[in-house]
Every structure is written in C-alpha cells, then in structure tokens.
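In what follows, a single structure is set out as structure tokens and then discussed.
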Amino acid sequence: MIAVRVTPRGGRDALLAGTDEHFAARLSAAPVDGAANAALIVLVAKHFGVPKRDVALVAGQTARLKRLTVAGDPQVLARAAASLYAVAP
C-alpha cells in the first residue's frame, strides 16, 4: 500500500517524491466526478509499470491524502518507488 498526497489542477500530471509518509502527485484533472482519482490511478500505473487494473484506490476518495494498492513484483515496485527519491548526479 502506498500513500499519495494529491494536488488537483496542479498543471501537468507528475508523481513526485514527497515525505517519508507519502508521495506527492500533481494532476491536471479537477476533483470533479472522480476525474482526479482516475487520473491518479493512470499516473501511478504508468510510473510503476503495471496495468491500471493492478492499481486500486482503497482510502481517501474525497481527501487529498489517498491510499492505493499496487499489485506486482515487490522488488520491481520497490525500485520504481525508490526512483522517485533518487538524486541525479
């Protein structure tokens, strides 16, 4: 399970390093009729290299802080998560 703090209407879509407790996501979608949640699922699936069906929003449907599950190889998912915090040389 991962936690993501979402900023809707935040320009272009991006998944970023956040704090020790959560990632940060900027979404161009507005928080209307689930559009931001749908955009977040697409963004997380793309970053972690999994199909959208392997990402599920389990908590925070109407909150900024959301909890999601991502199914897949734990080592591959861990590398994808760590890449958000990697420092460029």
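Among the listed residues 45, 30, which satisfies the condition of being of a type in the set (A, V, I, L, M, F, W, C) and out of contact with any strand residue (DSSP E or B) (no Cβ under 7 Å at 6 or more places or on another chain)?
The unique qualifying residue is 30.
Give me the strands (runs of 3 or more DSSP E) completely within segment 7-89, filtered to those with at least 1 residues that are free of Cβ contacts under 8 Å to residues at least 24 places away in the same chain and open to solvent by 60 Å² or more (accessible area, probe 1.4 Å), ordered by residue number.
Those strands (runs of 3 or more DSSP E) span 23-26.
Suppose we filter segment 33-42 for residues that are out of contact with any strand residue (DSSP E or B) (no Cβ under 7 Å at 6 or more places or on another chain) and hydrophobic (A, V, I, L, M, F, W, C); how many remain? Steps first, please.
From segment 33-42, those out of contact with any strand residue (DSSP E or B) (no Cβ under 7 Å at 6 or more places or on another chain) are 33-35, 38-39, 42; that's our starting set.
Add one more test, that the residue is hydrophobic (A, V, I, L, M, F, W, C), and what stays is 35, 38-39, 42.
Going through segment 33-42 one residue at a time, the tally reaches 4.
The values are calculated or read from the model by the stated rules, or taken from the named source; none is laboratory data. What you see is a predicted model; the values in this text were computed from it and never measured. Virtual Cβ from ideal backbone geometry, glycine too; neighbours counted across all protein chains shown. All accessible areas refer to the heavy atoms of the entire protein, side chains included, with ligands and DNA or RNA removed. Shrake-Rupley method; radii C 1.70, N 1.55, O 1.52, S 1.80 Å.
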